[in-house]
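Here is the structure we will look at.
Each reported figure results from applying straightforward, stated rules to the coordinates on display, with no laboratory input. Note that this is a predicted model, so its numbers are computed, not measured. Backbone-built Cβ (ideal geometry, glycine too); neighbour counts: all protein chains shown.
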Amino acid sequence: MKQLSLTARLSLMFMLAVAAVLTVAALSFNRLSQHHFKLLDQQVLFEKLESTQAILGGAAGEGSFERLQPQFRALFGAHRDLAAIILAADGRVLFADPGQLDIPQRFRAHPGRTLWEWQDQQQMYRGITAQVSAPDQGKPITVMLVLDVTNHMSFFETLQRWFWIGLIISALLSAGLGWVVARSGLRPLRQVTQLATSVSAKSLKARIPLEAVPLELQQLVSSFNAMLGRLDDAFVRLSNFSADIAHELRTPVSSLMTHTEVILNKKRDVDAYEENLYSNLEDLKRMARMIDDMLFLAKSDNGLIIPEHEQIALEVVVGKLLDYYQLLADDRGIGLRVSGAGFVRGDVLMLHRAISNLLSNALRYTPAGKTISVKIRQSGSSTQLIVENPGETIPPEHLERLFDRFYRADPARREGSPSNAGLGLAITRSIIEAHQGRIWCTSANGWTAFHMEFPQSERPQDAECQKNS
């Protein structure tokens, strides 16, 4: 079954709401009008009944009814829709005006002063029956007053007929008006649909303007525009990443092809072949490291990096790394220094790799004779590790992008060595974020510092004390 469109649903709901309101209003008006006319009829009948009782109070006997008939005719003749019948105790008709009205027998014994209704073919009557005591009468006289309300009923029937006609017309008009209003109000949704249909890799810059969007849809449109912005940014990054991968892989592949073509150009001795194979092996190792790094980043993007949760003393990890880099630092006349202590909970191999990337990066850019310092700070809510080195100040516009893949602040420089593809800082950030931490860089006045911050972790002795307590 095909579902109705949102515009059709809103139009139908608008039509049903208008129809419901009109129906309730019309029914209420009809009931109130009928009740009002009934009260007027009751008032007329009671007034005539009181006047009849007053006239009968002056009667001296049944013979006096002939003398009272002019008064009765004058009383009832003033109201052309009113009929009256006065019956003696034995059922004889003492007075009837008009005489041809034949009221059913059951209404003669109707409870006093309560209205009754009677329909005779197309005529509708409303009447009242009362027992009136007259002088010189042993038994009370029955007075029946009947009011012809056919005009009232005809009015209400006409009113109901026109109500249904008006309801149908109003429902159709409200449905059309609702369709126009809903279609106009949902125009921003159609714009979103059209824009989503036209979105492609070449049209991610398009945005829906918020000026003409209703307040209720501004959040939706803003979210859609923000999604397009994220897609555009992700696509640009992916395009740049693909281009960088092609560029980085082209260099070792070209080197392999060149060496192989040269060595195959003529017959050579075993030593030449062996030297070429060693050269090719270096390029293959570089390609293997690059592929491993890209696989690691791909796992990070999909949340597949799950670190261990062991207690790690950062000063111990940093101390081992400084021992490893000490020979390289001594060759370049660079000092290494560590201060402070702190604990984190995580994967020691991953943290070893992240800190190693920062130290290796610092050694490449630190001038000879200077000192690289590693500071560890532990506060009540976090543990920080800062790798700080002197060197050329990095412009502020490059600080946020240092952790992008293959990004270089100076495109002409290949990070000091052909073996570096520009993935080290990206891998470091992925490792830190996998440990629920964050990393950022500051650079000013000839000093550059990489800050790593981890959630607070208890010292082993503190955890043991809590466990024992």
TODO: Show the residues, 5+ positions off or on another chain, whose built amide H is closer than 5 Å to the amide H of Ile334.
DONE: Gly369
Task: Separation in nanometres of the label points that stand 7 Å from Cα toward Cβ, at His36 and Arg289 - done: 9.7
Task: Pairwise label distance in nanometres, Gln105 with Ser5, each label 7 Å out on the Cα-Cβ vector - done: 7.1
Task: Extension gain, Gln53 back to Lys139 (0.36 nm per residue minus Cα-Cα distance, nm) - done: 29.5 nm
TODO: Go from 0 up to the bin containing the longest alpha carbon distance in segment 71-124, width 5 Å each, and give me the % of pairs per bin.
DONE: 4, 14, 26, 26, 23, 7, 0
Task: Using θ = phi - 60° and Karplus 6.51 cos²θ - 1.76 cosθ + 1.60, couplings along segment 178-193 (whole Hz; Gly, Pro as x) - done: x, 5, 5, 5, 5, 5, 5, x, 8, 4, x, 5, 5, 5, 4, 5
Open item on the list: Would you work out the Kirkwood radius for segment 6-165? I mean one over the mean of 1/r across all pairs of different Cα atoms, in Å.
Closed with: 18.2
- [ ] For Ile141, list long-range residues whose amide hydrogen, built 1.01 Å from N in the peptide plane, is under 5 Å from its own amide hydrogen.
- [x] Val132, Ser133, Ala134
TODO: Provide the gained length on full extension for the span Leu16 to Ala234, in nm with one decimal, where the gain is 0.36 nm per separating residue minus the Cα-Cα distance.
DONE: 73.8 nm
Task: Label-point gap, in nm, between Glu392 and Gln456 - each point 7 angstrom along Cα→Cβ - done: 4.2
TODO: Tabulate in residue order the Karplus-calculated ³J(HN,Hα) for segment 359-364, using 6.51 cos²θ - 1.76 cosθ + 1.60 with θ = phi - 60°, rounded to whole Hz; enter x for Gly and Pro.
DONE: 5, 4, 5, 5, 5, 5
Task: Added length on full extension, which subtracts the Cα-Cα distance from 0.36 nm per residue, Asp81 to Val180 - done: 30.5 nm
